[in-house]
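A.B. asks: Below are the structure tokens for one structure; questions will follow.
The values are calculated or read from the model by the stated rules, or taken from the named source; none is laboratory data. Quantities reported herein were computed from a predicted structural model and do not represent experimental measurements. Methodologically, a virtual Cβ is constructed for each residue, glycine included, from the backbone with ideal geometry; neighbour enumeration extends over all protein chains shown. The protein model used for the area step is the full one, side chains on, heavy atoms only, and it has no ligands, DNA or RNA in it. Shrake-Rupley method; radii C 1.70, N 1.55, O 1.52, S 1.80 Å.
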Amino acid sequence: MEEQENAHLADPGLLAAWLAARSIARGLAPPVPDHGGWRVETGLPGEIRRYVFSGPVAAISTLAASIHRPHILIKMCGTGEQLLRLLPPRWQLLPGGFFMTHEGSLPAPSLPAGYRLVVATSQAITTARILTGDGSVAASGHAVEHAGAFVFDRIVTEAAHRRQGLGRALIAALAARQRSGSARRVLVATEDGLKLYASLGWHTRSPYSTAAII
């Protein structure tokens, strides 16, 4: 049981590649090693920085004990219960996600009438948008290929345009820009997105849990 608790629940190299690509996609500084995981300075109004770990390790407890202010996130591949056991009582769980990978094809469905797809790549970041007839954005997403990973980020379909296959079309359009056949496709899905990605053949490699001081 102890070995299971301490085992890494995600491939550390793949997680590091995903995190680095995510930082590129969002214009952030590269992640740096810290406490056996990685630190990313996000500098957002509700998030100063985040620490990311590939599994439950004792160093998380040391780190969490040294933090006393809000807006600093600890994220870990593993269940919320595993993460919470490593944290002082002042920490609380936030909504989590799922670290997922995909192998194989991602066929592109036809867009419904009235929508058009625009895809562009600039400085390693591919951006796909699905627009309505009046030019408003119905769905959008980003992808970055880096360090052997092809990472999907911020895949969003606006509420008024859901359940029309736009998410599938968006994912396929981004995947079509993948250069290396050996690059592993990676994303972190929300609870809402999990069913969509599972239906497209994505596999959950680990829960992805988050905690902060509220």
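A.B. asks: Could you run the Karplus curve 6.51 cos²θ - 1.76 cosθ + 1.60 with θ = phi - 60° over segment 172-181 and give me ³J(HN,Hα) per residue in whole Hz, x for Gly and Pro?
C.D. replies: Each residue of segment 172-181 in turn: 5, 5, 5, 4, 5, 8, 5, 8, 9, x Hz.
A.B. asks: For the pair HIS68 and SER182, what calculated FRET efficiency results from E = 1/(1 + (r/R0)^6), where r is the Cβ-Cβ distance and R0 = 41 Å, to the nearest 0.05?
C.D. replies: The computed FRET efficiency comes out at 0.40.
A.B. asks: Can you list the residues, at least 5 places off or on another chain, whose amide H is less than 5 Å from the amide H of ALA149, using H built in the peptide plane?
C.D. replies: It is ARG184, by chain and number.
A.B. asks: Mind checking the dipole of the chain: about its Cα centre, +1 per Lys or Arg Cβ, -1 per Asp or Glu Cβ, Debye to the nearest 20?
C.D. replies: Charge dipole of the chain: 520 debye, to the nearest 20.
A.B. asks: Along the Cα-to-C-beta direction of ILE48, a point sits 7 Å from the Cα; which residues of segment 59-83 have their amide N less than 20 Å from that point?
C.D. replies: Counting backbone N atoms under 20 Å from the label point, the list is 60-76.
A.B. asks: For a protection proxy built on the mean count of beta-carbon atoms within 10 angstrom, sort 195-203, 95-103 highest first, please.
C.D. replies: Highest to lowest by the protection proxy: 95-103, 195-203.
A.B. asks: What is segment 1-119's relative contact order, in percent, from Cα pairs under 8 angstrom and six or more apart in sequence?
C.D. replies: The normalised contact order for segment 1-119 reaches 19 percent.
A.B. asks: Please list, in order along segment 183-200, the HN-Hα scalar couplings obtained from phi with the Karplus expression 6.51 cos²θ - 1.76 cosθ + 1.60 (θ = phi - 60°), rounded to whole Hz, x for Gly and Pro.
C.D. replies: Working through the residues one at a time gives 5, 8, 7, 9, 7, 10, 9, 7, 4, 5, x, 4, 5, 4, 5, 4, 5, 9 Hz.
A.B. asks: Still on this structure, I have one more. Lys/Arg Cβ at +1, Asp/Glu Cβ at -1, dipole of segment 71-155 taken about the Cα centre: which of GLY141, ILE130, GLY97 is farthest positive-ward?
C.D. replies: It is GLY97.
A.B. asks: Counting other Cβ atoms within 10 Å of each Cβ, which trypsin sites (Lys or Arg not before Pro) in segment 105-170 have at most 12 and sit in a DSSP loop?
C.D. replies: Here the trypsin sites (Lys or Arg not before Pro) that fit, given the DSSP loop and packing criteria, are ARG163.
A.B. asks: Moving on to the next point. Arranged from highest to lowest average of other beta-carbon atoms within 10 Å per residue, in what order do the peptides 51-59, 178-186 appear?
C.D. replies: 51-59, 178-186
A.B. asks: Hey, another quick one. Which one, LEU63, VAL119, GLY78, is farthest towards the positive end of the dipole of the chain when Lys and Arg carry +1 and Asp and Glu -1 on their Cβ?
C.D. replies: The residue sitting farthest along the positive end of the dipole is VAL119.
A.B. asks: Taking N as the number of residues in segment 22-151, what is its alpha-carbon radius of gyration divided by 2.2 N^0.38 Å?
C.D. replies: 1.33
A.B. asks: What is the set of long-range amide H partners of GLY78 at a cut-off below 5 Å, with H atoms built 1.01 Å from backbone N?
C.D. replies: Amide H to amide H, under 5 Å and 5 or more residues apart or across chains, GLY78 pairs with TYR208, SER209.
A.B. asks: If you roll a 1.4 angstrom probe over the protein chains with everything in place, what fraction of the accessible area of segment 68-214 belongs to carbon and sulfur, to the nearest %?
C.D. replies: C and S atoms contribute 52 percent here.
A.B. asks: Leaving out ligands and nucleic acids, note down the accessible area per residue over segment 1-112 with a 1.4 angstrom probe, in whole Å².
C.D. replies: Per residue, segment 1-112 has 49 Å² of solvent-accessible surface.
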